[in-house]
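S.K.: The structure is given below, and queries will be raised subsequently.
The values are calculated or read from the model by the stated rules, or taken from the named source; none is laboratory data. Note that the coordinates shown come from a computational prediction; the quantities given were computed from them, not determined experimentally. In this analysis, Cβ positions are derived from the backbone assuming ideal geometry, glycine residues included, and neighbour counts consider all displayed protein chains. To get the accessible areas, we keep the full protein, side chains included, count just its heavy atoms, and leave off ligands, DNA and RNA. Shrake-Rupley method; radii C 1.70, N 1.55, O 1.52, S 1.80 Å.
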Amino acid sequence: MWKHIAANALTLGIVLIVCIAGLVQIGKTRWSEPGPLTEAAFFEVPRGASLRQVSEGLADAGIVTSASLFRIGTGYVDRDDDLKFGTYEIPPGASMPEVLEIVTAGGPSVFPFTVTYLLRAIGPEIRVRERVPGQTEAVEVATFEPGDEVPEAYTALIERGVPITWRVSVAPGLTSWEVVEGLKGADFLTGEVEVPPEGSLAPDTYDVTPGGERAALIERMSRAQERILAEAWAARAPGLPFDTPEEALILASIVEKETAVASERRTVAAVFTNRMEQGMRLQTDPTVIYGITRGQGALGRGIRASELRQATPYNTYVIDGMPPTPIANPSAEAIRAAVDPEETPFLFFVADGTGGHAFAETLAEHNENVAAWRAIEAARGATTGN
């Protein structure tokens, strides 16, 4: 009898072990198989949320098939305490391990709406965009300038308290005064700020928090520019006709103001370094304009002949070498071009009518290019009636 009972118990134990092994295998399969999500979706991990709250939220959103299995799997890989607050984009078909990696990796939140305060030479602009999960191109919600009538779509987002990514985007070539003046119109930022040294701000797009200090943002721009300049200077080409990173920043600002064509930056930089090596003056209009305006807005007219003759620290038609300070805040690309100019014999350039420039090695070639440009200007004037 006891043998019979023992045999039955052994059989039952084997069956239980087989069942448990089968359940574990099923759980492993369900854990690693593609998830039920058919389209990309945003998912928010609330600040301070527990694993149970997150797992149930994922299940309710149709991102995972089982909240309990997600918790068990997370515990098994010892990631229980690794959840990071934020809003994340979950791709379609993401498995539970992939979802877990996303919600524990952290990083910037991916909110559906983005408000970008764009600082431009012609004045600030506010752009409101909606990002649809799974799509790379954002959809325009509203675009307006400070002082304009605020679009209802923008007002509705603010009143609803919709999660928004706030950004400030600084265009290359703005002066420090223009940046500070532009930030004054950003009503989602606070505090006063003094105009920092010219050239010390890195043009870029910065994520900000509503209510943040303008001075803190300026400090971030300054630290970024210091890092960019230091890295570029460390990798500079040999034999440059200037000796300090500060001079490189000055040249970079001139390059930035002279061309908006990325492929021309190193060529334009070469023109100026070639001139310095030959003892020629730089003779560049943007420095003359800066000497007149001191960077406080556009000149709004052509340069007068008397201004080209006037001796100022920034009139490179009169002074030798570079002006005493940068004339704008150059981009990282312009800084890298200034310290690594193209190897070319060019000494002159002029606009070519396409947005770029015609380069020349000799004055005779340059005069021909100038004549061609003036013909283009005359034809355009006749077409527009100017």
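S.K.: Determine which single condition ASP187 fails, assuming it passes every other condition in (1) open to solvent by 50 Å² or more (accessible area, probe 1.4 Å); (2) of a type outside the set (Lys, Arg); (3) part of a loop (DSSP other than H, G, I, E, B); (4) at pLDDT 95 or above.
M.R.: (4)
S.K.: In addition: Given the conditions (1) open to solvent by 50 Å² or more (accessible area, probe 1.4 Å); (2) within 30 Å of TYR154 (Cα to Cα); (3) assigned to a helix (DSSP H, G or I), which single one is not true for ARG47?
M.R.: The one condition ARG47 does not meet is (3).
S.K.: Take ARG131 and decide whether it is under 30 Å from ALA94 (Cα atoms) and at pLDDT below 90.
M.R.: Working: under 30 Å from ALA94 (Cα atoms): yes; at pLDDT below 90: yes.
Yes; evaluated as a whole, the condition is true for this residue.
S.K.: Restricting attention to the stretch 75-89, which residues are among the hydroxyl-bearing types (Ser, Thr, Tyr) and under 18 Å from LEU37 (Cβ atoms)? Spell out how you get there, then give the answer.
M.R.: At the first step, the residues of the stretch 75-89 found to be among the hydroxyl-bearing types (Ser, Thr, Tyr) are 76, 87-88.
Result: THR87, TYR88.
Matching residues to (1) surrounded by fewer than 16 Cβ atoms within 10 Å (Cβ to Cβ); (2) within 30 Å of GLU226 (Cβ to Cβ); (3) in contact with a Leu (Cβ under 6 Å, 6 or more places away or on another chain):
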site: ARG301; (1), (2), (3): yes, no, no
site: ALA305; (1), (2), (3): yes, no, no
site: ALA311; (1), (2), (3): yes, no, no
site: ASN315; (1), (2), (3): no, yes, no
site: MET322; (1), (2), (3): no, yes, no
site: ALA332; (1), (2), (3): no, yes, no
site: VAL339; (1), (2), (3): no, yes, no
site: LEU347; (1), (2), (3): no, no, no
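S.K.: Quick one: VAL150 ticks every box in (1) among the aliphatic types (A, V, I, L, M); (2) under 29 Å from GLY295 (Cβ atoms); (3) in contact with a Phe, Trp or Tyr (Cβ under 7 Å, 6 or more places away or on another chain); (4) open to solvent by 30 Å² or more (accessible area, probe 1.4 Å) except a single one, so which number is it?
M.R.: Against the list (1) among the aliphatic types (A, V, I, L, M); (2) under 29 Å from GLY295 (Cβ atoms); (3) in contact with a Phe, Trp or Tyr (Cβ under 7 Å, 6 or more places away or on another chain); (4) open to solvent by 30 Å² or more (accessible area, probe 1.4 Å), VAL150 comes up short only on (2).
S.K.: Same structure, new question: Quick check on my filter: what residues within the stretch 311-335 are under 26 Å from LEU119 (Cβ atoms) and of a type in the set (Val, Ile, Thr)?
M.R.: Across the stretch 311-335, the qualifying residues are THR325, ILE327, ILE335.
S.K.: Right, here's the next one. Report, by residue number, each residue of the stretch 153-178 that is buried (at least 16 other Cβ atoms within 10 Å of the Cβ) and either without any contact (Cβ under 8 Å) to a residue 24 or more places away in the chain or β-branched (Val, Ile, Thr) (or both).
M.R.: ILE164, THR165, VAL168, VAL170, THR175
S.K.: Of (1) touching a helix residue (DSSP H, G or I) at 6+ places or on another chain (Cβ under 9 Å); (2) surrounded by 17 or more Cβ atoms within 10 Å (Cβ to Cβ), GLU181 satisfies all except one. Which?
M.R.: (1)
S.K.: Those residues that are part of a loop (DSSP other than H, G, I, E, B) and either in the same structural domain as PRO330 (by the TED database) or surrounded by 16 or more Cβ atoms within 10 Å (Cβ to Cβ) (or both), I need them from the stretch 196-215; list them, please. I'd like the intermediate steps shown before the answer.
M.R.: First pass over the stretch 196-215, keeping only residues part of a loop (DSSP other than H, G, I, E, B): 196-204, 209-212.
Once the filter is applied, which keeps residues that are part of a loop (DSSP other than H, G, I, E, B) and either in the same structural domain as PRO330 (by the TED database) or surrounded by 16 or more Cβ atoms within 10 Å (Cβ to Cβ) (or both), the stretch 196-215 yields PRO196, GLU198, GLY199, SER200, LEU201, ALA202, PRO203, ASP204, GLY212.
S.K.: How do the strands (runs of 3 or more DSSP E) wholly within the stretch 67-178 filter down when requiring 2 or more residues that are more than 30 Å from ILE327 (Cα to Cα) and among the aliphatic types (A, V, I, L, M): which remain?
M.R.: Numbers: elements: 86-90, 113-119, 125-130, 139-144, 164-170.
Fully inside the stretch 67-178 and qualifying: 139-144.
S.K.: Tell me whether the stretch 271-285 contains one or more residues that are within 19 Å of the chain's Cα centre (by Cα) and over 26 Å from ILE303 (Cα atoms).
M.R.: Step one: list which residues in the stretch 271-285 are within 19 Å of the chain's Cα centre (by Cα), which gives none.
Looking for residues that are within 19 Å of the chain's Cα centre (by Cα) and over 26 Å from ILE303 (Cα atoms), one finds none in the stretch 271-285, hence no.
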